[in-house]
Amino acid sequence: MNWNWTEIYQEAQSYLQELLRFDTTNPPGNELPALEYLKNILMRNGVEAEILESAPSRGNLVARIPAAHQQSPPFLLASHVDVVPAEPDQWKYPPFSGVLEEGCIWGRGAVDMKTMVIFEVMAMILFQRRGIPLNRDLILAIVADEEAGGDFGMKWLVENHPEKIRAEYSFNEVGGFSLEVGSERVYPIQVAHKGALWLEVVFKGRPGHGSMPHDENPVLKLGKAIDSLAKPFPMKPLPLARQFLSALGKSSGIGSRILLALLTFPGLGEWILALLPKEKKNYINALLRNTVTPTGLKGSQKANVIPSEASIILDCRTLPGSNHQEFVKALKKRIGEECEIRVIHDLGPYAFEPWDSEIFQIIKETILLNDSQARVTPSLTVGFTDAKHLEPLGVKTYGFFPLKLPSGFRFGELFHGHNERIPISSFQWGLKVFIEALQKILSPSSPA
């Protein structure tokens, strides 16, 4: 079967540019207009789709292409359309413009994750248009609210409409994009992610006038707590982290290979980590341990008032196997027993085994066919995705958002960063790889 990739790229690019023009900043989300736009694309191409509203102006799109001959349980394509806030004055081009400039498509969500939304929509409409016989149902779920934890998105779908999205495997975000290492490109495929535990830590004290300081000021207690967080938690290199670092090492020079190998040795890890370049150090540090990041402070509303209460917001990320109750106990012991810890959001870590399935082998084979300098490895993601919400349904999720990135392109910095953009060459390469891999999974006997 011949694919006119030039026409496919042009169609997909127009859909992406338009989708980026919908402001789906969360909060408040307001995802419904973007979902209606995507639903219309699907329906025009013969794919039945529905939007399930989880709250006013919030919703989740679900579509399905039935199998021609059901041989396996359904396959799910999962993504989200909500995005984090942008600071327009810090952007080179407006964050909701979807412009094509300097060889890239620019806009909040280009990386996280409206480009993959379009990959998935294109897969649905191309398979439907061409009448490709599928060996299992193909389900599409484009959800709201992922950036705020999923209460109105994937979590809501799982709790209220599990039958519409139940599947054996799923493709979702964070994985499949290239990392330049030496003369090779490493493509990490997510099979696990860290947990997210967002906490408000509250210190109480005695209020008073700012002109008369005293030692019961809760802001002083808060300051000591922040100081205590400067010391990192112990390293706990998991087998997945070791495997990923090994893949990086095999693509590196002998010096880097030795350093990466020594990272996981007891007593040497902290010393080796300090020697790494900053752009690698931060990620690898998060890969090897539980982390705590202060992200917000609250005290008095007036400069001359000592408050009776001061608090700090903490973003805690936990490795697979971590128990969040035990983690909170350890954290409280470190920062001071007199504080009160309130849980804002609690999403446990995710991992599944065996990850080395036929699906993973098809991913690997397809990437290698399209990039002779590729090395494909399973990976642990330091962020979180909707994969954890799907776990109760028995869905095994791979992070597969394939992109072959230009040399020197600092892709990782664009997640939630300024000037979010996707190179057009990477967009086209990734769409082709995504479609080819899916076709091998869902219709292996169909000609490519």
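The values are calculated or read from the model by the stated rules, or taken from the named source; none is laboratory data. None of these values were measured; they are calculated from a predicted model. Cβ atoms come from the backbone with ideal geometry, glycine included; neighbour counts cover every protein chain shown.
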* To do: Restricting attention to strands (runs of 3 or more DSSP E) lying wholly within the range 100-211, give those where 2 or more residues are closer than 16 Å to Thr385 by Cβ.
  => 138-143, 169-172, 184-193, 195-204
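When you check Glu101 against the structure, is it without any contact (Cβ under 8 Å) to a residue 40 or more places away in the chain and more than 25 Å from Lys396 (Cβ to Cβ), yes or no?
Values: without any contact (Cβ under 8 Å) to a residue 40 or more places away in the chain: yes; more than 25 Å from Lys396 (Cβ to Cβ): yes.
Yes.
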* To do: Residues being within 27 Å of Trp156 (Cα to Cα) and surrounded by 23 or more Cβ atoms within 10 Å (Cβ to Cβ): count how many of those fall in the range 76-106.
  => 8
* Residue, nearest to Ser357 (Cα to Cα), within the range 153-185, restricted to residues that are modelled with pLDDT under 95 and among the aliphatic types (A, V, I, L, M) -> Val174
* Asked: Val174: out of contact with any helix residue (DSSP H, G or I) (no Cβ under 8 Å at 6 or more places or on another chain), closer than 30 Å to Ser251 by Cα and in contact (Cβ under 8 Å) with a residue 24 or more places away in the chain, yes or no?
  -> yes
* Structure fact -> Within the range 24-37, residues surrounded by 15 or more Cβ atoms within 10 Å (Cβ to Cβ) and either touching a residue at least 40 places away in the same chain (Cβ under 8 Å) or not in a helix (DSSP H, G or I) (or both) come out as Thr24, Thr25, Asn26, Gly29, Asn30, Glu31, Ala34, Leu35
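Which residue is surrounded by the fewest Cβ atoms within 10 Å (Cβ to Cβ), if the candidates are limited to the range 319-372 and must be small (Gly, Ala, Ser) and assigned to a loop (DSSP other than H, G, I, E, B)?
Going through the range 319-372, the residues small (Gly, Ala, Ser) turn out to be 321-322, 330, 336, 348, 351, 357, 372.
Still in the list and also assigned to a loop (DSSP other than H, G, I, E, B): 321-322, 336, 348, 357, 372.
On the way: Gly321: 11, Ser322: 18, Gly336: 14, Gly348: 16, Ser357: 16, Ser372: 8.
The qualifying residue surrounded by the fewest Cβ atoms within 10 Å (Cβ to Cβ) is Ser372.
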* Asked: When the range 391-434 is examined, which residues are found to be surrounded by 21 or more Cβ atoms within 10 Å (Cβ to Cβ) and either among the aliphatic types (A, V, I, L, M) or in a loop (DSSP other than H, G, I, E, B) (or both)?
  -> Val395, Phe400, Phe401, Pro402, Leu403, Lys404, Glu420, Ile422, Leu431, Val433
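Looking for something under 27 Å from Gly399 (Cβ atoms), aromatic (Phe, Trp, Tyr) and outside the structural domain of Gly153 (by TED's automatic domain parsing) - is there at least one such residue anywhere in the range 275-292?
Scanning the range 275-292, I find at least one residue that is under 27 Å from Gly399 (Cβ atoms), aromatic (Phe, Trp, Tyr) and outside the structural domain of Gly153 (by TED's automatic domain parsing), so the answer is yes.
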* Asked: How many residues are under 27 Å from Ser443 (Cβ atoms) and either surrounded by fewer than 22 Cβ atoms within 10 Å (Cβ to Cβ) or of a type in the set (Asp, Glu) (or both) when one looks only at the range 140-176?
  -> 8
* Residue list for the range 38-59, restricted to those being among the hydroxyl-bearing types (Ser, Thr, Tyr) and surrounded by fewer than 18 Cβ atoms within 10 Å (Cβ to Cβ) -> Ser57
* Structure fact -> Subset of the range 75-99, residues hydrophobic (A, V, I, L, M, F, W, C), assigned to a loop (DSSP other than H, G, I, E, B) and closer than 17 Å to Tyr37 by Cβ, comes to Val81, Phe96
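Yes or no, residue by residue, for (1) among the hydroxyl-bearing types (Ser, Thr, Tyr); (2) in a helix (DSSP H, G or I); (3) more than 30 Å from Pro307 (Cα to Cα); (4) touching a residue at least 24 places away in the same chain (Cβ under 8 Å):
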{"position": "Asp215", "(1), (2), (3), (4)": "no, no, no, no"}
{"position": "Lys224", "(1), (2), (3), (4)": "no, yes, no, yes"}
{"position": "Pro237", "(1), (2), (3), (4)": "no, no, yes, yes"}
{"position": "Ala241", "(1), (2), (3), (4)": "no, yes, yes, yes"}
{"position": "Ile258", "(1), (2), (3), (4)": "no, yes, yes, no"}
{"position": "Thr264", "(1), (2), (3), (4)": "yes, no, yes, yes"}
{"position": "Trp271", "(1), (2), (3), (4)": "no, yes, yes, no"}
{"position": "Ala274", "(1), (2), (3), (4)": "no, yes, yes, no"}
{"position": "Glu279", "(1), (2), (3), (4)": "no, yes, yes, yes"}
